[in-house]
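> Please see the structure below; I have some questions.
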Amino acid sequence: QLDEKSAIASLRPEKDVDGIHPVNIGRLASGDPHFVPCTPAGTQQLLVRNGFSPEGKRVVICGRSNIVGVPLAMLLMQKRPGANATVTVCHTGTKELAEVTRQADILVAAMGRPSIITADMLREGVIVVDVGITRVPDDTRERGYRIEGDVDFPNVVHKAQAISPVPGGVGPMTIAMLLANTFKAAKISVHGEGQ
């Protein structure tokens with residue numbers, strides 16, 4: 001019953017630690033990020049801190065959500081260290097998706113569809129970051145479901161140079177970036193934005 005856009009707009013941008021307010025998205029788009037959305041920031045840090053900087057690489061992002069795909073594309077296109085990539089954004093409506101994904105040096109899967117990215121869609125040696133997380137019914141599990149990512153992990157793992165697991169990959173990085181943004185917001189609250 002709530003309007004998502006109205007709810008987000010009601011946030012104060014300086015307290016928007018999720019980085020989803022239009023002001024913060026606008027600052028990200030203009031190359032002057034304030035609070036970067038947590039999952040995109042976590043994805044970037046996961047790549048950089050593991051020696052897979054996107055600089056000069058072809059990054060294909062599968063998914064165009066306002067929480068992951070779009071802000072990640074804006075973040076990785078910026079002319080700065082840890083970014084400066086050539087970015088292509090695909091989605092469920094992209095024709096010949098596999099032709100596009102096979103061009104990726106780095107592929108980020110964020111479509112919200114379990115195992116949609118298969119080994120035949122990727123080239124040998126690709127870096128894969130799986131952001132997808134879906135509950136799949138599984139009667140063999142105590143909870144009655146298992147968590148799956150967007151990547152067919154058992155078959156892709158042999159083709160990829162590196163691949164993030166689901167769960168346990170991007171999720172902890174998202175939490176770490178949320179804590180970093182919260183700390184930054186607290187500093188701004190006490191000392192002002194310039195500090």
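> At a threshold of 8 angstrom on Cα-Cα distance, excluding pairs fewer than six apart, so keeping six or more, what relative contact order does region 9-130 reach in percent?
Once normalised by length, the contact order is 22 percent.
> Compute the FRET efficiency between His158 and Arg113 as 1/(1 + (r/R0)^6), taking r as their Cβ-Cβ distance and R0 = 30 Å, and round to the nearest 0.05.
On the way: r = 22 Å, r/R0 = 0.72.
E(calc), rounded to 0.05, equals 0.90.
> So if I take the centroid of the Cα atoms in region 1-54 and the same for region 105-176, what is the distance between those two points in Å?
22
> Excluding Lys15 itself, calculate the net charge of residues whose Cβ lies under 13 Å from the Cβ of Lys15, where each Lys or Arg counts +1 and each Asp or Glu counts -1.
Every neighbour counted, the sum reads -1.
> Per q in 0.13, 0.15 1/Å, what log10 I(q)/I(0) does a Debye calculation on the alpha-carbon atoms of region 1-109 return?
-0.50, -0.65
> First check a/c for region 79-195, with a ≥ b ≥ c the square roots of the eigenvalues of its C-alpha gyration tensor; if it is under 1.5, answer rounded, and if not, answer prolate when a/b is larger than b/c or oblate otherwise.
Taking the square roots of the gyration eigenvalues as a ≥ b ≥ c, region 79-195 is oblate.
> With all protein chains present, calculate the accessible area of Phe153 using a 1.4 Å probe and round the result to the nearest 10 Å².
80
> For a quick check of understanding: with a 1.4 angstrom probe and all protein chains in place, what accessible area in square angstrom does Met177 have, to the nearest ten?
Surface open to solvent at Met177 totals about 40 Å².
> Need one value: the accessible area of Asp120 in square angstrom, 1.4 angstrom probe, rounded to the nearest 10.
100
> Still on this structure: At 1.4 Å probe size, put Leu179, Leu75, Leu46 in order of accessible surface, largest to smallest.
Leu179, Leu46, Leu75
> While we're on this one: Computing the accessible area with a 1.4 Å probe over protein heavy atoms, can you report the carbon and sulfur percentage for region 1-152?
Working: 3890 of 7940 Å².
Looking at region 1-152 in its full context, I get 49 percent from C and S.
> Same structure again: Stretched out fully, how many nm does the piece from Arg143 to Lys184 gain, at 0.36 nm a residue minus the Cα gap?
Length difference between fully extended and current span is 11.1 nm.
> Take the Cα atoms of the chain, find their three principal axes, and give me the spread along each one in whole Å, biggest first.
50, 43, 30
> Run through the DSSP bridge list for the chain and note the antiparallel percent, rounded to the nearest 5.
In the chain, approximately 20 percent of DSSP beta bridges are antiparallel ones.
> Sticking with the crude label model, points 7 Å out along Cα→Cβ, report the distance from Ala176 to Ser6 in nm, one decimal please.
3.9
> Taking a probe of 1.4 Å, how large is the accessible area per residue of region 1-123, in Å²?
For region 1-123, the solvent-accessible area averages 50 Å² per residue.
> So how do Lys184, Lys5 rank on accessible area, 1.4 Å probe, biggest first, that is with the largest at the start? All intermediate terms of the calculation are to be shown ahead of the outcome.
On the way: Lys184 75, Lys5 165 Å².
Sorted by accessible area, descending: Lys5, Lys184.
> Next question, about the same structure. For the chain, what is the mean residue ellipticity at 222 nm derived from helices alone (per DSSP H run of n ≥ 4: -39500 (n - 2.57); sum divided by total residues; nearest 500 deg cm²/dmol)?
So the calculated ellipticity at 222 nm is -9500 deg cm²/dmol.
The values are calculated or read from the model by the stated rules, or taken from the named source; none is laboratory data. None of the values given here were measured: they were computed from a predicted structure. Cβ sites come from the backbone with ideal geometry, for glycine too, and all protein chains shown count toward neighbours. Surface areas here come from the heavy atoms of the whole protein model, side chains and all, with no ligands, DNA or RNA. Shrake-Rupley method; radii C 1.70, N 1.55, O 1.52, S 1.80 Å.
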